[in-house]
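Heads up: the structure comes next, in structure tokens.
The values are calculated or read from the model by the stated rules, or taken from the named source; none is laboratory data. In this text, all values refer to a predicted model and were calculated from it rather than measured experimentally. We place every Cβ from the backbone using ideal geometry, glycine too, and count neighbours over all the protein chains shown.
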Amino acid sequence: MEQPISVTRSNFNDWMVPVFAPANFIPVRGEGSRIWDQENKEYIDFAGGIAVNALGHAHPVAVNALTEQAKKLWHVGNGYTNEPVLRLAKQLTENTFADKVFFCNSGAEANEAALKLARKVGLDSGVAGKSGIVAFKNAFHGRTLFTVSAGGQPKYSQDFAPLPNGINHVAFNDLDAAKAVINEQTCAVIVEPIQGEGGVIPADIEFLKGLRALCDEFGALLILDEVQTGVGRTGSLYAYMNTGVIPDVLTTAKALGGGFPVGAMLTTDKFAPHFSVGTHGTTYGGNPLASAVAGAVFEFINTPEVLEGVKHRHQYFLDALNTLNAEHQIFEEIRGQGLLIGCVLKAEYAGKAKDITTWAGEEGLLALIAGPDVVRFTPSLIIPEQDIDEGIARLKRALAKLAK
Ligand SMILES: *Cc1c(COP(=O)(O)O)cnc(C)c1O
């Protein structure tokens, strides 16, 4: 076989639309929670592909599911159904509140489907003008035009006006503010159980319960965006399971495929029929390859051992971070659930999160930011303790650069 074309990081600037500014090294292979770059330098992975690689890299369960399916059937299109997608739908409905599932390829598409479903349910209700969507400041729901508009960070939407209208943003965790804008014309409230991109900010349980009650009062759909929190990330299969609040619609992606692109919108028999034949669709959604991998990943994660393991690792991670912080006094607060952890920088280090992740890279650690002031960790749900220890040691060296 011919050698593949040799490429370098600078080729990114040559050939790629510059919406990203990737690190100055190129990962080429991974195993578990470790990654190696072109120079064979090793990194501990505390980023997990942004809460995606739930089983780490090259986990045999995912590799087997992918390769077995790859030998059988990749794609047939939605004029035909397929076995892996039906099995995955059974798993998702049997293990959640949902009765029905719509599959797609990403979190944004899952939220796009959820918002469109809510608009359709509003229309079908016969209540005039029931199209209002209530969303929250600082929220993140994806990058399609509808989902950036629902998101509460104007920097992601303002350049693309005119935006879809009828979306009202109020302060997160402020039930009175939500109450003031939810009415008969509201078709949906969309909220993250933990604002991930917005800084790892958990929703108060009373806030979620209050939203549930308001949605019931005014006949609006409660959409929980669990794209980041879902599939074991918080130590529950889905974060809502720990709140006592049952949504009407839930969106899931990221960890669902463990690295293979897949997304899903879950809903109930009450609302699913509003998406009748032809009202919404996708070419790849529910593709056999994606479904086979997601089915294997979901089955692996949805066990008491793995979910308890996430809670255990949370504590282990927090103990290590607190010890480090006691020494260096860099973080004002360490928050989050399970393996979705945000470290808020003290005021004197405001704006330095990106620098810290760059220095972490130099020290052999992949880490994330969640806004300019929060360093975020979303590693594999099964990261070994010794990799946590080693990653924290590397983080400590990166933070030493900050102190200088
Ligand atoms: C990442 C994310 C999305 C968008 O998912 P994509 O797969 O990037 O489209 C939506 N909502 C939340 C909460 C997310 O974290």
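All conditions in (1) assigned to a loop (DSSP other than H, G, I, E, B); (2) over 26 Å from Arg313 (Cα atoms) hold for Pro273, with the sole exception of (1). Tell me yes or no: at least one residue of segment 164-178 is β-branched (Val, Ile, Thr) and either within 16 Å of the ligand (Cβ to nearest atom) or in contact with a Phe, Trp or Tyr (Cβ under 7 Å, 6 or more places away or on another chain) (or both). Within segment 164-178, one or more residues are β-branched (Val, Ile, Thr) and either within 16 Å of the ligand (Cβ to nearest atom) or in contact with a Phe, Trp or Tyr (Cβ under 7 Å, 6 or more places away or on another chain) (or both). When segment 179-193 is limited to residues that are within 16 Å of Gly122 (Cα to Cα) and assigned to a strand (DSSP E or B), the one that is nearest to the ligand (Cβ to nearest atom) turns out to be Ile190. Report yes if some residue within segment 140-154 is in contact (Cβ under 8 Å) with a residue 60 or more places away in the chain and either among the β-branched types (Val, Ile, Thr) or touching a helix residue (DSSP H, G or I) at 6+ places or on another chain (Cβ under 7 Å) (or both); otherwise report no. Checked segment 140-154: at least one residue is in contact (Cβ under 8 Å) with a residue 60 or more places away in the chain and either among the β-branched types (Val, Ile, Thr) or touching a helix residue (DSSP H, G or I) at 6+ places or on another chain (Cβ under 7 Å) (or both).
Thr378: without any contact (Cβ under 8 Å) to a residue 12 or more places away in the chain and either closer than 30 Å to Leu88 by Cβ or in contact with a helix residue (DSSP H, G or I) (Cβ under 6 Å, 6 or more places away or on another chain) (or both), yes or no? The answer is no for Thr378.
Pairing residues of segment 100-124 that are under 16 Å from Ala89 (Cα atoms) with residues that are assigned to a helix (DSSP H, G or I) and within 9 Å of the ligand (Cβ to nearest atom), at Cβ distances under 7 Å and at least 6 apart in sequence or on separate chains, gives Cys104/Ala110.
Of everything in segment 275-313, what is under 18 Å from Leu250 (Cα atoms) and surrounded by fewer than 19 Cβ atoms within 10 Å (Cβ to Cβ)? Give them in sequence order. Across segment 275-313, the qualifying residues are His280, Gly281, Asn302.
Within segment 194-211, the set of residues being under 24 Å from Pro372 (Cβ atoms) and not in a loop (DSSP other than H, G, I, E, B) comprises Ile194, Gln195, Ile201, Pro202.
Here is a yes/no grid of residues against (1) modelled with pLDDT of 95 or more; (2) out of contact with any Gly (no Cβ under 9 Å at 6 or more places or on another chain); (3) basic (Lys, Arg):
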residue	(1), (2), (3)
Phe46	yes, no, no
Gln69	yes, yes, no
Asn78	no, no, no
Ala114	yes, yes, no
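Among the residues of segment 14-41, just one is surrounded by fewer than 11 Cβ atoms within 10 Å (Cβ to Cβ), closer than 22 Å to Val375 by Cα and more than 16 Å from the ligand (Cβ to nearest atom), namely Ala21.
Pick from segment 383-404 the residues that are of a type in the set (Gly, Ala, Ser) and modelled with pLDDT under 95: which of them is surrounded by the fewest Cβ atoms within 10 Å (Cβ to Cβ)?
Taking the candidates together, the pick is Ala403.
Taking the criterion of being away from the ligand (no atom under 11 Å from the Cβ) and under 21 Å from Gln185 (Cβ atoms), the residues of segment 137-148 that qualify are Lys137, Phe146.
Being assigned to a helix (DSSP H, G or I) and within 20 Å of the chain's Cα centre (by Cα) is the filter here; which residues of segment 140-178 pass it?
Taking segment 140-178 first, the residues assigned to a helix (DSSP H, G or I) are 145-150, 154-156, 158-160, 175-178.
Those that are assigned to a helix (DSSP H, G or I) and within 20 Å of the chain's Cα centre (by Cα): Leu145, Phe146, Thr147, Val148, Ser149, Ala150, Pro154, Lys155, Tyr156.
Take the conditions within 16 Å of the ligand (Cβ to nearest atom), at negative phi and out of contact with any Leu (no Cβ under 6 Å at 6 or more places or on another chain) and apply them to Pro202. Does it pass?
Details: within 16 Å of the ligand (Cβ to nearest atom): yes; at negative phi: yes; out of contact with any Leu (no Cβ under 6 Å at 6 or more places or on another chain): yes.
Spelling it out, Pro202 is indeed within 16 Å of the ligand (Cβ to nearest atom), at negative phi and out of contact with any Leu (no Cβ under 6 Å at 6 or more places or on another chain).
Would you point out which residue out of Ala98, Ala128 is within 21 Å of the chain's Cα centre (by Cα) and either of a type in the set (A, V, I, L, M) or assigned to a helix (DSSP H, G or I) (or both)? Please lay out each step first, then the result.
Values: Ala128 fails: within 21 Å of the chain's Cα centre (by Cα).
Testing whether each residue is within 21 Å of the chain's Cα centre (by Cα) and either of a type in the set (A, V, I, L, M) or assigned to a helix (DSSP H, G or I) (or both) leaves just Ala98.
Tell me, which strands (runs of 3 or more DSSP E) wholly within segment 25-78 include 2 or more residues that are without any contact (Cβ under 8 Å) to a residue 60 or more places away in the chain? So that I can check it myself, show each step before the final result.
Working: elements: 27-31, 34-37, 42-45.
Correct list: 27-31, 34-37.
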